[in-house]
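K.L.:
Attaching a single structure in structure tokens format; questions to follow.
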Amino acid sequence: MSERTIALVTGANKGIGYEIAAGLGALGWSVGVGARDDGRRTAAVERLRAAGVDAFGVPLDVTDEVGVAAAARLIEDRAGRLDVLVNNAAIAGGARQEPSRVDPATLRAVMETNVVGVVRVTNAMLPLLRRSRSPRIVNMSSSVGSLTRQAGPGAERTAGPVAVAYAPSKTFLNAVTLQYARELHGTGILINLGCPGYVATDLNGFRGVRTPEQGAAVAVRLATLPDDGPTGGFFDDSGEVPW
Ligand SMILES: NC(=O)c1ccc[n+]([C@@H]2O[C@H](COP(=O)([O-])OP(=O)(O)OC[C@H]3O[C@@H](n4cnc5c(N)ncnc54)[C@H](OP(=O)(O)O)[C@@H]3O)[C@@H](O)[C@H]2O)c1
């Protein structure tokens, strides 16, 4: 087995995921670039390799059960284990997300990718993570999933637009992550949630104010936690995000 730390980042072909892959690669790690589109994945791997990263492509659509199992086999064949999983892939679900008007299909699609997809990938990778000396899981969430912020008096300023699919998908992901933290307690697997801040990416039509590299920093930090680091936490660059 390779001594080099092995990581997998889902949705790593662009945006924050690409910069997480670049940031982990800059540590000298071998980074699996999880992406569903062959062309976009190959282009990202080539760009990362040109920047000196030991990157390899992992065909991965988080909604595809068979494909996710194949991704786990690919990593097993290549490295025999996985040290760090970053569940970054997500969709926003489009603009029309007032609760009174939403198409139930939008709700289903967003939950399938942002929540079920994370569970599917995590469970496929857990046997490989259990073989690592310092396994870490980072789930990319958002402060718009914070019920404290959504319910607070300043929600118009701090909780993003009304979005009945996307925001609750991150609340759901936060709750799911806590369940994993409880189940995995004592195994050495640390699992935490990261909020990248408001980042200019495709997800928000590039309206964000932070760069993808800035957004990636919290994930890199949570991926490199020491063995006595936190688990079951929700963090951004400033510290803990309220639930
Ligand atoms: N941007 C922000 O301000 C912000 C704020 C808070 C949290 N976040 C979170 O940060 C993470 C990254 O978002 P981003 O802003 O970088 O978004 P992005 O630029 O839209 O990138 C999303 C990535 O997820 C991939 N993806 C979507 N559905 C997938 C699927 N079914 N299987 C595999 N990959 C899939 C996309 O692949 P394709 O290229 O194939 O579509 C893309 O690589 C997300 O979890 C997001 O919720 C972002």
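The values are calculated or read from the model by the stated rules, or taken from the named source; none is laboratory data. These numbers come from a predicted model, not from an experiment. Cβ atoms come from the backbone with ideal geometry, glycine included; neighbour counts cover every protein chain shown.
K.L.:
Test GLY197 against the stated conditions and say whether it is among the small types (Gly, Ala, Ser) and in contact with a Lys or Arg (Cβ under 8 Å, 6 or more places away or on another chain). Break it down stepwise before answering.
P.N.:
Details: among the small types (Gly, Ala, Ser): yes; in contact with a Lys or Arg (Cβ under 8 Å, 6 or more places away or on another chain): yes.
Considered against the rule, which asks whether it is among the small types (Gly, Ala, Ser) and in contact with a Lys or Arg (Cβ under 8 Å, 6 or more places away or on another chain), GLY197 comes out as yes.
K.L.:
Yes or no: the range 150-168 includes at least one residue that is within 13 Å of the ligand (Cβ to nearest atom), modelled with pLDDT of 95 or more, in contact with a strand residue (DSSP E or B) (Cβ under 7 Å, 6 or more places away or on another chain) and of a type outside the set (Lys, Arg).
P.N.:
There is no residue in the range 150-168 that is within 13 Å of the ligand (Cβ to nearest atom), modelled with pLDDT of 95 or more, in contact with a strand residue (DSSP E or B) (Cβ under 7 Å, 6 or more places away or on another chain) and of a type outside the set (Lys, Arg).
K.L.:
Further, regarding this structure: From THR63, THR42, THR113, grab the single residue that is of a type in the set (Ser, Thr, Tyr), part of a helix (DSSP H, G or I) and over 26 Å from ALA217 (Cβ atoms). Show your work before the answer.
P.N.:
On the way: THR63 fails: part of a helix (DSSP H, G or I); THR113 fails: over 26 Å from ALA217 (Cβ atoms).
Just one listed residue meets the conditions, THR42.
K.L.:
Take the conditions surrounded by fewer than 20 Cβ atoms within 10 Å (Cβ to Cβ) and aliphatic (A, V, I, L, M) and apply them to VAL209. Does it pass? Let's see the steps before the verdict.
P.N.:
Numbers: surrounded by fewer than 20 Cβ atoms within 10 Å (Cβ to Cβ): yes; aliphatic (A, V, I, L, M): yes.
Against the criterion (surrounded by fewer than 20 Cβ atoms within 10 Å (Cβ to Cβ) and aliphatic (A, V, I, L, M)), VAL209 qualifies.
K.L.:
Looking at the range 171-185, can you tell me whether even one residue there is near the ligand (Cβ under 10 Å from one of its atoms), crowded, with 19+ Cβ neighbours inside 10 Å and closer than 25 Å to ALA109 by Cα?
P.N.:
yes
K.L.:
So if I check each of VAL110, VAL102, VAL119, which one is β-branched (Val, Ile, Thr) and within 11 Å of the ligand (Cβ to nearest atom)? Explain how you work it out, then say what you get.
P.N.:
Working: VAL102 fails: within 11 Å of the ligand (Cβ to nearest atom); VAL119 fails: within 11 Å of the ligand (Cβ to nearest atom).
Residue meeting the stated conditions: VAL110.
K.L.:
In addition: For the range 129-142, indicate whether the set of residues that are surrounded by fewer than 14 Cβ atoms within 10 Å (Cβ to Cβ) and either at pLDDT 95 or above or not in a loop (DSSP other than H, G, I, E, B) (or both) is non-empty.
P.N.:
In the first step, residues of the range 129-142 are kept if they are surrounded by fewer than 14 Cβ atoms within 10 Å (Cβ to Cβ); the result is 133.
Going one step further and asking which of them are either at pLDDT 95 or above or not in a loop (DSSP other than H, G, I, E, B) (or both), we end up with 133.
Checked against the condition, which is being surrounded by fewer than 14 Cβ atoms within 10 Å (Cβ to Cβ) and either at pLDDT 95 or above or not in a loop (DSSP other than H, G, I, E, B) (or both), the range 129-142 yields at least one hit.
K.L.:
Consider the range 76-97. How many of its residues are surrounded by fewer than 17 Cβ atoms within 10 Å (Cβ to Cβ) and farther than 18 Å from GLY205 by Cβ? Break it down into steps so the answer makes sense when it comes.
P.N.:
At the first step, the residues of the range 76-97 found to be surrounded by fewer than 17 Cβ atoms within 10 Å (Cβ to Cβ) are 76-78, 80, 94-96.
When the remaining residues are screened for being farther than 18 Å from GLY205 by Cβ, the result is 76-78, 80.
Here the count works out to 4.
K.L.:
Could you please let me know if ALA22 is more than 10 Å from the ligand (Cβ to nearest atom) and surrounded by 15 or more Cβ atoms within 10 Å (Cβ to Cβ)? Spell out how you get there, then give the answer.
P.N.:
On the way: more than 10 Å from the ligand (Cβ to nearest atom): yes; surrounded by 15 or more Cβ atoms within 10 Å (Cβ to Cβ): yes.
So ALA22 passes the test.
K.L.:
So which residues in the range 192-243 are among the acidic types (Asp, Glu) and near the ligand (Cβ under 7 Å from one of its atoms)? Break it down into steps so the answer makes sense when it comes.
P.N.:
Step one: of the range 192-243, the residues among the acidic types (Asp, Glu) are 202, 213, 227-228, 236-237, 240.
Result: ASP202, single match.
K.L.:
With the checklist (1) within 13 Å of the ligand (Cβ to nearest atom); (2) touching a helix residue (DSSP H, G or I) at 6+ places or on another chain (Cβ under 8 Å) in hand, flag the one item ILE189 doesn't pass.
P.N.:
(1)
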